[in-house]
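The values are calculated or read from the model by the stated rules, or taken from the named source; none is laboratory data. Quick caveat, the model's predicted, so the values are computed rather than measured. Positions of Cβ are generated from backbone atoms using ideal geometry, with glycine treated the same way; all protein chains shown enter the neighbour counts.
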Amino acid sequence: MRTQVGIIGAGPAGLLLSHLLHLRGIESVVLELRSRDHAEKRVRAGVLEQGTTDTLIEAAVGARLLREGLPHQGIELRYGGAGHRIAFEKLVPGRAITVYGQQEVVKDLITARLADGGDVRFEVDDVALHAIDSGEPYVTFGGERLDCDFIAGCDGFHGVSRPAIPEGVLTEYEREYPFAWLGILARVKPSAEELIYARTERGFALHSMRSPEISRFYLQVPPDEDIAEWPDDRIWAELKARLETVPGFVLATGEIIDKGVTPMRSFVAEPMQYGRLFLAGDAAHIVPPTGAKGLNLAVADVRLLTKALAHWYGTGSGDLLDGYSRACLKRVWRAQHFSWWMTTLLHTFDSEDAYAHRLQLSYLDYVTSSEAAATTLAENYVGLPYGSME
Ligand SMILES: Cc1cc2nc3c(=O)[nH]c(=O)nc-3n(C[C@H](O)[C@H](O)[C@H](O)COP(=O)(O)OP(=O)(O)OC[C@H]3O[C@@H](n4cnc5c(N)ncnc54)[C@H](O)[C@@H]3O)c2cc1C
């Protein structure tokens with residue numbers, strides 16, 4: 001089998017890359033470990049930056065997003081018994097976020113690729129990358145061989161692409177956090193129209209949503225928390241304790257339809273390329289979800305990779321491919337800082353560290369009272385425009 005670009009992984013990065021390449025007349029084959037059903041049902045991110053929404057609409061995979069996505073013009077920071085709105089419409093006019101589940105993005109992309117005759121293979125095992133430092137790389141899987149010009153490693157943090165790069169080439173930067181997020185999806189109308197980021201002495205909580213009928217919540221928990229320790233009643237009681245902290249706010253409860261514990265990690269591997277292998281999305285970098293950046297970074301990477309590959313196929317010049325990692329990493333590191341900063345600002349750390357605690361409250365007071373500080377948060381949250389970072 002032969003194609004132009006072999007893509008490992010059918011998450012948002014791999015699927016969008018395949019779709020954008022198709023729009024430029026470049027062939028690809030996507031190889032995915034899990035089943036289509038699994039990929040389409042995996043509950044993960046749900047906050048789309050302005051640039052991500054624009055990209056999906058421009059690429060003609062945004063029809064359902066436009067119909068069903070929930071545009072939001074602000075978020076609330078809740079602490080010390082009061083809520084403070086960060087108003088995007090005032091601070092960053094014309095830029096906003098759209099709440100639309102990652103699994104819906106994945107469904108739309110799979111539907112589009114298959115409708116266009118795209119080659120997306122699910123439940124493919126034993127994927128291995130070969131000759132990535134030659135001009136003729138290839139991928140083997142399940143007894144078959146796929147020859148290609150380039151390989152895109154879009155297989156997430158635990159995939160096989162990054163480990164295929166020889167030892168000593170990559171520099172890895174990592175930060176672990178002393179907590180995890182317990183996330184639930186519940187069949188209940190959101191209790192507020194916008195996301196609420198709540199900092200309390202009991203720990204952080206996030207009120208979010210996926211649709212007018214489905215809410216998403218997160219609780220800060222210890223890093224290796226066992227989900228079995230959290231029956232539904234305990235989850236609702238803790239969410240109420242952390243969110244019902246301002247007068248008049250009542251948390252609506254309902255049936256919990258999905259729950260899990262997600263570790264919090266910051267990670268970057270540089271460079272995001274080696275020979276004919278290019279990494280994109282979580283395969284190259286991870287952020288804690290507090291800044292809602294993971295999915296959005298994956299989209300930004302594959303936009304750049306598409307442009308660089310189209311330039312190579314159109315002109316024979318490898319200039320943009322050579323600069324791919326450098327171009328991505330500026331945005332990646334901005335998002336790393338923002339995600340780390342939001343995490344540090346809103347979570348409860350070691351209670352013995354009274355000094356750090358006071359600093360945290362001081363910064364929260366600043367960001368909720370100074371327009372300059374609030375604008376910094378808002379412009380990072382909705383996403384810096386493409387072209388401003390690369
Ligand atoms: C459990 C979890 C919860 C998250 N929650 C949030 C959230 O609430 N908010 C937020 O902003 N971000 C969240 N994120 C981050 C966000 O979902 C990711 O940043 C985003 O999925 C990145 O997309 P990707 O395509 O790069 O990687 P992925 O979505 O991870 O896709 C990689 C794909 O590669 C496949 N794959 C892996 N190994 C192989 C292999 N050997 N061969 C073939 N295929 C392979 C995987 O099955 C997967 O389909 C979460 C991530 C995780 C893991």
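Among the residues of the range 200-225, those identified as more than 14 Å from W181 (Cβ to Cβ) and away from the ligand (no atom under 16 Å from the Cβ) are T200, E201, R202, P212, E213. For the range 366-384, the set of residues classified as within 20 Å of G291 (Cβ to Cβ) and surrounded by fewer than 14 Cβ atoms within 10 Å (Cβ to Cβ) consists of Y366, S370, A372, listed by residue number.
You will find that of G69, G46, G11, G51, the residue that is closer than 23 Å to G387 by Cα, touching a helix residue (DSSP H, G or I) at 6+ places or on another chain (Cβ under 8 Å), crowded, with 19+ Cβ neighbours inside 10 Å and of a type outside the set (S, T, N, Q) is G51 and no other. The set of residues in the range 367-388 being among the polar types (S, T, N, Q) and assigned to a loop (DSSP other than H, G, I, E, B) consists of T368, S369, S370, S388. Within the range 15-43, the residues that satisfy the criterion of being within 6 Å of the ligand (Cβ to nearest atom) and crowded, with 18+ Cβ neighbours inside 10 Å are L31, E32, L33, A39. Of L320, L309, L304, all but one fail to be surrounded by 16 or more Cβ atoms within 10 Å (Cβ to Cβ), at negative phi, part of a helix (DSSP H, G or I) and without any contact (Cβ under 8 Å) to a residue 40 or more places away in the chain; the exception is L320. Scan the range 103-141 for residues that are touching a residue at least 40 places away in the same chain (Cβ under 8 Å) and assigned to a strand (DSSP E or B) and the total you get is 7. Test K259 against the stated conditions and say whether it is more than 10 Å from the ligand (Cβ to nearest atom) and in a strand (DSSP E or B). So K259 fits the description; yes.
Annotation note: of A192, A198, A241, the sole residue that is assigned to a loop (DSSP other than H, G, I, E, B), at pLDDT 95 or above and more than 19 Å from the chain's Cα centre (by Cα) is A192. Is there a residue in the range 329-348 that is farther than 28 Å from L219 by Cα and out of contact with any Lys or Arg (no Cβ under 7 Å at 6 or more places or on another chain)? Yes: the range 329-348 contains one or more residues that are farther than 28 Å from L219 by Cα and out of contact with any Lys or Arg (no Cβ under 7 Å at 6 or more places or on another chain).
Every residue, every condition in (1) buried (at least 23 other Cβ atoms within 10 Å of the Cβ); (2) hydrophobic (A, V, I, L, M, F, W, C), yes or no:
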| site | (1), (2) |
| --- | --- |
| E194 | no, no |
| S211 | no, no |
| D226 | no, no |
| I235 | no, yes |
| A252 | no, yes |
| E255 | no, no |
| H285 | yes, no |
